[in-house]
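Encoded as structure tokens, the structure appears first; notes follow it.
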Amino acid sequence: MGMEATAEKIRARLAGADFSSSVKFDCGTEGVVVIDGASVSTDDAATDCVISLSKDDLEAMVAGELSPTAAFMQGKLKVDGDMSVAMQLSQIL
């Protein structure tokens, strides 16, 4: 699955959610997914928070197979910037 397909799934999850911050899922050479309020894109941009993880782990989180909290505790993702934004996002994903 490409980054655009992953972005599309995140877009569906965000529909109707009250998320006003910006966050970037950075999957290294695989690409990025940037959420800025209700908009989701695969174009790199500066955000309040950067979550670094593998593309496989991002896909598992979006599919509901991996909890963001478990991923963080297992060291599968790293958060840089505003941790409260990551916490807010974990309630949506």
Near pairs, Cβ below 6 angstrom, 6+ apart or cross-chain, from the stretch 75-93 (under 18 Å from Ala12 (Cα atoms)) to any residue that is at pLDDT below 95 and assigned to a strand (DSSP E or B) | none
Quick check, is Lys9 surrounded by 13 or more Cβ atoms within 10 Å (Cβ to Cβ) and in a helix (DSSP H, G or I)?
-> yes
Tell me which residues, restricted to the stretch 16-29, are exposed (fewer than 14 other Cβ atoms within 10 Å of the Cβ) and closer than 19 Å to Glu59 by Cβ.
-> Gly28, Thr29
Does Ala70 meet the test of being over 13 Å from the mean Cα position of the chain (by Cα) and touching a residue at least 40 places away in the same chain (Cβ under 8 Å)?
-> no
Select from the stretch 31-86 the residues that are surrounded by 14 or more Cβ atoms within 10 Å (Cβ to Cβ) and part of a helix (DSSP H, G or I) and list them in ascending order.
-> Lys55, Asp57, Leu58, Glu59, Ala60, Met61, Val62, Pro68, Ala71, Phe72, Val85, Ala86
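The values are calculated or read from the model by the stated rules, or taken from the named source; none is laboratory data. Given the structure is predicted, the values throughout are model-derived calculations rather than measurements. Quick reminder, even Gly has a Cβ in these numbers, built from the backbone with ideal geometry, and neighbours come from all protein chains shown.
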